[in-house]
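Below: one structure, written as structure tokens.
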Amino acid sequence: MTIIDVQNLTKRYESGTHALKNVSLSINKGEIFALLGPNGAGKTTLIGIIAGVVNKTTGTVLVKGKDNVSDYRATRSMIGLVPQELLLDPFLPVLDTLHYQRGYFGKPRNEKLIKDILVSLSLWDKRKMTVQQLSGGMKRRVLIGKALTNEPEILFLDEPTAGVDVELRQDMWKLVGKLREKGTTIILTTHYIEEAELMADRIGIITNGELKMVEKKDVLMKKLGDKKLIITLQNDLSAVPEALQTYQLVLSDDHKQLSYSYAGSTAHVSKLFDDLKSNNIAIEDVETKARKLEEIFVELINA
């Protein structure tokens with residue numbers, strides 16, 4: 001079921017910057033969608049428009065079938081947003097910050113919910129401290145807590161773990177896992193590509209305001225994630241035999257290993273081993289390495 005439907009979205013700032021160029025995107029209920037792209041690619045602008053905090057130039061955004069401009073109050077109430085910037089009142093205690101945020105959405109006071117959120121973010125023991133007394137990582141936790149106070153069906157995380165400690169990053173992803181179990185739809189932007197590779201169901205790649213690709217993570221890795229065989233030889237090899245040139249094998253500088261890159265089916269790999277044997281090349285060990293999502297990402301944005 002589609003929960004967010006974006007069609008032909010563009011954004012041009014008064015400065016002339018064309019931040020988004022005819023972007024269309026559908027996001028399914030309950031999925032984790034990762035939006036990857038370099039700085040200035042349009043990630044923050046895109047999620048800001050969907051969340052209703054940035055004005056579009058043209059196009060439409062529907063949230064559960066409701067237009068996010070004409071039905072702003074209804075769509076905004078379904079959304080939680082964790083921005084990159086630390087937008088917090090420095091003089092408010094942590095507990096009040098979350099209670100007030102819930103009140104902004106017209107929701108009744110809920111002591112248990114707020115406590116559960118603070119506990120999940122390891123903030124309960126700091127609930128009476130003012131925001132200005134917290135470290136940068138703790139302030140980031142408060143931002144996440146604020147975004148959860150209205151019990152959103154959709155949660156936007158804009159670089160949520162950028163510049164934070166390892167402990168917060170681990171807590172963050174535990175919380176994301178729990179929210180997913182509840183059916184919350186999560187859209188995140190991140191520079192930590194390993195997080196997208198670990199958590200996301202689908203991945204979108206955006207650069208220069210254009211959505212280059214949207215694909216299921218597993219399909220993307222299968223399509224573009226070439227694998228490499230590292231074949232360690234029993235004896236040094238001075239050169240790759242002529243009969244094996246079709247495999248485009250790469251001989252290491254020390255003449256002790258052959259590298260073979262391939263994608264998709266492994267049926268031809270067994271033939272490679274047969275051909276190595278017929279050419280009197282004895283194998284000592286074989287290791288398989290898969291391309292990382294980061295390599296694929298860099299390749300796509302530079303295409």
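Derivation of every value follows stated rules applied to the coordinates shown; laboratory data play no part. Note that the structure is a prediction, hence the values are computed from the model and not measured. Neighbour counts are summed over all protein chains in view; Cβ atoms, including those assigned to glycine, are modelled from backbone coordinates with ideal geometry.
At a glance:
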| quantity | calculated |
| --- | --- |
| Bridge type composition, segment 2-222 - antiparallel percent by DSSP, nearest 5 | 55 percent |
| Spacing of the two label points (7 Å from each Cα toward its C-beta) at A74 and F273, in nm | 6.0 nm |
| Which listed pairs, of K112/K139; K29/K182; K11/K216; K56/K139; K174/K216, have C-alpha distances above 19 Å, in listed order | K112/K139; K11/K216; K56/K139; K174/K216 |
| Label point at T60 placed 7 Å out along Cα→Cβ; residues across segment 1-42 whose backbone nitrogen lies under 18 Å | 2-11, 22-28 |
| Segment 81-202: projected area of the alpha-carbon convex hull, averaged over directions, in nm² | 7.1 nm² |
| Geometric extent, Cα atoms of the chain - Rg, Dmax (angstrom) | 24.5, 77 |
| Inter-label distance, nm, simple model (7 Å from Cα along the C-beta direction), K29/T10 | 3.3 nm |
| Mean residue ellipticity (222 nm) of the chain, computed from DSSP H runs ≥ 4 via -39,500 (n - 2.57), nearest 500 | -9500 deg cm²/dmol |
| Label point distance in nm, H255-K107, each placed 7 Å from Cα along Cα→Cβ | 6.9 nm |
| Cα gyration tensor, segment 226-290 - rounded (a/c under 1.5), prolate or oblate | prolate |
| Calculated FRET efficiency for the pair T232/E85, C-beta based, R₀ 51 Å, to 0.05 | 0.50 |
| Additional length obtainable on full extension of the chain from R169 to K182, 0.36 nm per residue less Cα span | 2.7 nm |
